[in-house]
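Working notes, structure below.
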Amino acid sequence: MCRWWKCVTIGILALLTLCFSSPAQDPGKEQASALPSSPPSSPAIPIAFLDSLTRLPGNISALPASPPIPAANPQTPAKIALGKMLFFDTRLSRDGSLSCASCHDPAKHFSDMRPRAIGIRHTVLGRRTPSVLNAAYNPLQFWDGRANSLEKQAAEPILSSHEMAVPDENWLVNRLRQIPNYNRQFTQAFGGPISFVRITSAIAAFERTLITPDSPFDLYIRGAKNALTIQQKRGLILFFGKASCSQCHNGPNFTDNKFHSLGRLSGEDKTQDLGRYTISKKLADRGAFKTPSLRNVVDHTPYMHDGSIATLSEVIAFYNRGGGDGKKSDLIHPLNLTANEQEDLLSFLRSLTGTQPKVEGSGSPRQ
Amino acid sequence: MNHRSHIIVLIFLLCLAPPALCGEIEGRVDGWPQATLTAAHHGVVWLVGSPGPVDVKSRSGTKPTMSQIKGQFSPSFLVVVAGETVAMPNKDEVAHNVYSNSSSRKFNLGFYAKGDDREVTFATPGVVEVGCSIHQSMRATIVVVPNRYYAAIREDGMFRLSNVPKGTYTLKLWGNHVSPQSRDITVPAVGKVEVTLDGRTSQLDRFSKPMREN
């Protein structure tokens, strides 16, 4: 008798346990109950923890409403309008074949989507055209950082014999002075005649309007917790966690504005592009290039300074295997990301595409 | 001066001088592995016995610190005296977690980023293996010794323990590439005692055998 009751009681208890135990696989529930101090056996940072953060590692943050504006070149509508005319004007190249927009094409996200840029008379240049979008947030321009302002950057391709091939500054100033409308526009924008510095100042002022705010990531950071999908949030966690992307791609524009070598130089080839080394002459800078911004990164194909990697998935795979075989930064090492994690990271990178600036018509004067 | 005054002067001088009852241990770990580009060798010797009260405040000024920087613990090897608190600031651009499952001190500081610093107090002597659950390759070791009578093994395998009160102790060795060892040792009131330990005994993986020890 006693034994029978015992059996019934155990049976009922077992049944109750089965009924009330929650299903083991419920991702939503898992996320909600996860705490910051989860045991070391589960390396992933929980999404609830991400959502609770007010500040992300690496100070990755929303794009500021305006890029820094240098005191010597304040923004004015007249100057911006003039800068736009100049940006699209092929008369800024010696043979009239190229404007800034030839390589920095608005239809191609202010780049050219080519592995390497093409200069005057179809000369293939050494590096990929960096997009102008959000360049105004960066203190250094060019892949090797040799210009410390947009004004200085704008001057170089105009005067480069491989690019717009203008022989010298006065040559261009004299050419533009023959166009009455430009004389009027410069007087209006600067209160004085055309000069080379004013040409590059106006172009830089226009470029400072080419920004892409309000990406899903920006909305998320500003408080819209649903602006990112669960997969993108997992990707963001990897970005500043396991994948360590934010070691270099940090700050509001997802770049540290520093130079890193990814181990892609080979010992043999003497013709290789040594990147920052050509400017700094420091051994550590051999083959190091400036960390590019990751904003709108899905649009900016192909990748790397020489356009040598076609897709973003391949770029992620490259970093996952620890970069190239050559001498490289200590920050580059195998990441051990699973295929799913690489997908999550890619999904997060898609959230960095913001509102594109509307640039219609060039407005360059005929006369 | 007569004989008597000599003795008086001598006694007077003896009273002035501090009691010279401290000796020195000078030692060598035989076969201490040469440092290579890929492997760092860390080791420490310390005394067990009764070398006076445990002196927690032996480290003057700054708190011992183990930072996370550029995806590494820095330093990756630290010796502290039982009772000391170690600052573990994140100075990195990525998030880290700092934890230990070692028996003498288990802790988990959770996930944190730059500017959100944490610290850990180590009350019990022992060897504490530290890791980051996000970045599995990040490793560090904290050896918690019972008192301030410890010395790190130098690159050439030598060590020196100074100002040790006269007495008999057990000298302990821990190194990430050698087997733990003990050696009884008598420190004289004046002068030094020399000791040689065997560093060739083993190529231990430092994470395979946490040592519960005092």
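The values are calculated or read from the model by the stated rules, or taken from the named source; none is laboratory data. Everything quoted here is computed from the prediction, not taken from an experiment. Cβ placement follows ideal geometry from the backbone for every residue including glycine, while neighbour counts extend to all protein chains displayed.
The set of residues from the range A:237-246 being within 7 Å of chain B (Cβ to nearest Cβ) and either touching a Lys or Arg at 6+ places or on another chain (Cβ under 7 Å) or assigned to a loop (DSSP other than H, G, I, E, B) (or both) comprises A:G241, A:K242, A:S244.
Only one residue in A:K270, A:K358 is of a type in the set (K, R) and more than 30 Å from A:N183 (Cα to Cα). Which one? Full working, then the answer.
Details: A:K358 fails: more than 30 Å from A:N183 (Cα to Cα).
Result: A:K270 is the single residue among A:K270, A:K358 that is of a type in the set (K, R) and more than 30 Å from A:N183 (Cα to Cα).
When B:T201 is evaluated against the numbered criteria (1) modelled with pLDDT of 85 or more; (2) over 16 Å from B:A152 (Cβ atoms); (3) of a type in the set (V, I, T), which criterion, by number, is the only one it fails? It is condition (1) that B:T201 fails. Taken together, the criteria place A:S293 among residues that are away from chain B (no Cβ under 14 Å), surrounded by 15 or more Cβ atoms within 10 Å (Cβ to Cβ) and small (G, A, S). If the condition is being under 20 Å from B:L173 (Cα atoms), hydroxyl-bearing (S, T, Y) and not in a strand (DSSP E or B), then the range B:123-148 contributes only B:T124. Does A:A205 fit the bill of being of a type in the set (A, V, I, L, M, F, W, C), buried (at least 23 other Cβ atoms within 10 Å of the Cβ) and more than 14 Å from chain B (Cβ to nearest Cβ)? Spelling it out, A:A205 is indeed of a type in the set (A, V, I, L, M, F, W, C), buried (at least 23 other Cβ atoms within 10 Å of the Cβ) and more than 14 Å from chain B (Cβ to nearest Cβ). Among residues that are among the β-branched types (V, I, T) and either assigned to a loop (DSSP other than H, G, I, E, B) or buried (at least 18 other Cβ atoms within 10 Å of the Cβ) (or both), A:T278 is not included.
Is it true that some residue in the range B:104-121 is crowded, with 24+ Cβ neighbours inside 10 Å, assigned to a strand (DSSP E or B), at negative phi and not aromatic (F, W, Y)? No; the residues of the range B:104-121 include none that is crowded, with 24+ Cβ neighbours inside 10 Å, assigned to a strand (DSSP E or B), at negative phi and not aromatic (F, W, Y). Residues of the range B:114-148 that are more than 14 Å from B:N101 (Cβ to Cβ) and hydrophobic (A, V, I, L, M, F, W, C): B:F122, B:A123, B:I134, B:M138, B:V143, B:V144, B:V145. When A:E156 is tested against (1) at pLDDT 95 or above; (2) crowded, with 21+ Cβ neighbours inside 10 Å, only condition (2) is not met. Would it be correct to say that A:N257 is touching a residue at least 60 places away in the same chain (Cβ under 8 Å), part of a loop (DSSP other than H, G, I, E, B) and on the phi > 0 side of the Ramachandran plot? Against the criterion (touching a residue at least 60 places away in the same chain (Cβ under 8 Å), part of a loop (DSSP other than H, G, I, E, B) and on the phi > 0 side of the Ramachandran plot), A:N257 qualifies. Scanning the range A:281-340 for residues that are closer than 21 Å to A:R127 by Cα and in contact with a Cys (Cβ under 7 Å, 6 or more places away or on another chain) gives a single hit, A:T291.
Being acidic (D, E) and either within 9 Å of chain B (Cβ to nearest Cβ) or in contact with a strand residue (DSSP E or B) (Cβ under 9 Å, 6 or more places away or on another chain) (or both) is the filter here; which residues of the range A:247-274 pass it? Matches in the range A:247-274: A:D256, A:D273.
Restricting attention to the range B:85-135, the residues being among the aliphatic types (A, V, I, L, M) and within 12 Å of chain A (Cβ to nearest Cβ) number 7. One residue stands out in the range A:81-108 among those that are farther than 19 Å from A:N170 by Cα and of a type in the set (K, R): the one that is surrounded by the fewest Cβ atoms within 10 Å (Cβ to Cβ), namely A:K108. Among residues that are part of a loop (DSSP other than H, G, I, E, B) and either more than 24 Å from A:H300 (Cβ to Cβ) or basic (K, R) (or both), A:A78 is not included.
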